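Data first, discussion second: the structure below is written as structure tokens.
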Amino acid sequence: MDRAAVKRLTEAQLDRAAGALVGTAVGDALGVPYEFECRPRLRSGESAQMLGGGLGDFAPGQWSDDTSMTVAVAMAAAEGSLVSSRALDAAATYFLRWYDDQPPDIGVQTRHVLRGAKSLLAEGKLNAAEASTVSALAYAADQPHSAGNGALMRTGPVALSHPHDRVATARAAYDIARLTHADPLAVDSCVLWSEAIRVAIIEGRFEIVAGLDLLPDKRRADWVKRLNSAFRDDPNTFSPNGFTVTALQAAISAITHTPDNADDPARHIEESLNTAIRIGNDTDTVAAIAGALLGARWGASAIPDSWRREIHGWPVTNGRPADDDTLVTLAQRAATHANRSVT
């Protein structure tokens with residue numbers, strides 16, 4: 001690793017970069033038991049627990065597709081710039097590898113797109129990224145409701161690839177989203193959240209509207225209204241939340257309606273994630289989305305150790321699942337990678 005590259009981020013920034021991945025995983029694992037009311041909905045005053053179960057009969061602390069696909073993006077980012085064709089193809093290849101490993105649960109849209117990508121790839125004319133993007137475009141053309149939250153849930157690592165370059169971050173968010181989700185609203189939500197995470201990592205603050213100017217002019221005014229609704233309205237307003245816009249609003253509302261105390265960041269993380277899960281419906285995804293920004297703002301060091309010790313999941317190497325250490329290492333490799341070729 002190039003030492004000059006390592007110096008680009010301070011220790012605090014590297015901690016926040018790791019927080020984006022660890023926060024995703026803890027939100028995911030906390031939300032899994034309550035997804036689509038597999039367990040009774042979390043009530044006011046109750047705290048979420050990593051009980052496992054959910055739609056995929058997960059083990060306690062095991063992350064779901066939200067974090068597994070996040071890890072796939074992070075592995076690609078650790079190899080090179082996410083605006084490079086090589087890293088984009090790596091991300092798509094990791095998605096397909098995860099799909100081939102028969103995950104316990106996978107979203108309907110993502111399953112359909114990756115299955116189509118495998119068929120296209122077998123023809124030998126396209127690489128993995130091209131096959132996935134073509135399959136995603138075909139799905140969006142056939143399905144009037146293709147703006148699911150499956151791209152937004154995994155966008156956290158995008159902010160690590162070019163932490164000092166907002167334009168490159170937006171471009172990477174666009175390309176990574178379209179590997180499975182081609183609807184403009186799905187792409188926009190990823191651009192917005194990736195930029196918010198990037199700002200949190202570099203500047204140590206919440207600036208959720210930071211990416212508005214990176215969106216197309218014709219959709220920006222509608223996004224201003226949607227974000228204002230998230231800031232204003234009760235978090236429980238945003239259910240069901242399988243739609244990418246509502247999922248983003250739910251995560252934002254959970255964070256911004258929880259008192260922000262810089263003297264006790266762990267409490268802000270815990271209470272925000274509990275609020276996200278209390279909203280109900282797609283609890284693991286909304287909590288994973290919220291967790292990415294919370295971790296990016298406060299850092300991995302602010303996330304309770306009791307949670308960090310529990311999290312684990314895909315990929316499994318030599319019988320050992322990835323864990324907290326895996327996520328921290330991946331985040332730091334992605335954020336300090338010296339090779340930023342855009343070929």
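Coordinate-derived values only; no laboratory data. Not measured: the values here are computed from a predicted model. Here the Cβ is made from the backbone with ideal geometry for all residues, glycine too, and neighbour counts use every protein chain on show.
The table below gives the values:
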{"item": "Segments 189-200, 40-51 sorted - mean Cβ within 10 Å per residue, highest first", "result": "189-200, 40-51"}
{"item": "Cβ-based exposure ranking for H162, H145, H257, H181, in which fewest neighbours within 10 Å come first", "result": "H145, H257, H162, H181"}
{"item": "Calculated FRET value between S119 and R205, using beta carbons and R₀ = 41 Å, to 0.05", "result": "0.35"}
{"item": "Ranked packing of 233-239, 216-222, most packed first, by mean Cβ within 10 Å", "result": "233-239, 216-222"}
{"item": "Listed residues R39, R178, R297, most fluctuating in the chain (Gaussian network, C-alpha, under 10 Å)", "result": "R39"}
{"item": "Relative packing of 273-280, 67-74, which averages over residues the other C-beta atoms within 10 Å, highest first", "result": "67-74, 273-280"}
{"item": "Qualifying GluC sites (Glu not before Pro) in region 68-160, DSSP loop, other Cβ atoms within 10 Å at most 11", "result": "E123"}
{"item": "Reachable aspartates and glutamates from K225, criterion Cα separation under 13 angstrom, eight or more residues apart if same chain", "result": "D233"}
{"item": "Separation in nanometres of the label points that stand 7 Å from Cα toward Cβ, at R220 and R267", "result": "3.9"}
{"item": "Burial ordering of T256, T246, fewest other beta-carbon atoms within 10 Å first", "result": "T256, T246"}
{"item": "Two-site label geometry, R41 and A141: point separation in nm, points 7 Å out along Cα→Cβ", "result": "4.0"}
{"item": "Debye equation applied to the C-alpha atoms of the chain, log10 I(q)/I(0) at 0.12, 0.13, 0.15 Å⁻¹", "result": "-0.74, -0.88, -1.22"}
